[in-house]
Amino acid sequence: MEEPYTMESDCLFCKISHGQTPTEILFENDTLVVFKDINPHAPVLLLFVPRKHIRSVNDLTDEDQGILSELIVAAKKMAKEHGVAKSGYKLIFNVERGGGQVIFHLHLHLIGGWH
Ligand code: 5GP
Ligand code: ZN
């Protein structure tokens, strides 16, 4: 299958989402991949990463709306699978340095599991 998204050189999440690291992928489809955060500060901390390289929420365009909704619907499903749907969880986009973003490839954090 032809790869629809080009990788940004030296982008960790491009490498992970294109299968170029040994990272365990929990879920994937044509649009996105899901994997555990390497440094979890909560019992459940998953990252939802589009295969398309988008730097941050600031760089989203109208044509990315499908990607965004797929990220959120995947998060909803994984929350159920990881047993935090009922107890509750946070969905967070850190945006640029002041918002705590350190990996400049768009990603959604699912954080929960305290209760
Ligand atoms: P940010 O602060 O950019 O919103 O979030 C980046 C997240 O990626 C952090 O929570 C960090 O722990 C996680 N992370 C950084 N490097 C790696 C890695 O190599 N593998 C995985 N699984 N997570 C990573
Ligand atoms: Zn990237």
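Remarks
- Candidate aspartates and glutamates - alpha carbon under 17 Å from K90, same-chain residues fewer than 8 apart omitted: D37, E70, E81
- For the range 1-60, the mean projected area of the C-alpha convex hull, equal to one quarter of the hull surface, is 5.0 nm².
- Computed with a 1.4 Å probe over protein heavy atoms only, the accessible surface of the chain comes to 61 Å² per residue.
- FRET E, pair Y5, E81, Förster distance 25 Å, beta-carbon r, rounded to 0.05: 0.50
- Computed E for K90/H18 - FRET, C-beta separation, R0 30 angstrom, nearest 0.05: 0.65
- Extended-chain gain in nm, criterion 0.36 nm per residue less alpha-carbon gap, E63 and N39: 5.5 nm
- Across the chain, Cα-Cα pairs farther apart than 24 Å form 21% of the total.
The values are calculated or read from the model by the stated rules, or taken from the named source; none is laboratory data. Since this is a predicted model, take the numbers as computed values, not measurements. For neighbour counting, all protein chains shown are included, and Cβ atoms are generated from backbone atoms with ideal geometry for every residue, glycine included. Note: accessible area is taken over every heavy atom of the protein model, side chains too, but ligands, DNA and RNA are not part of it. Shrake-Rupley method; radii C 1.70, N 1.55, O 1.52, S 1.80 Å.
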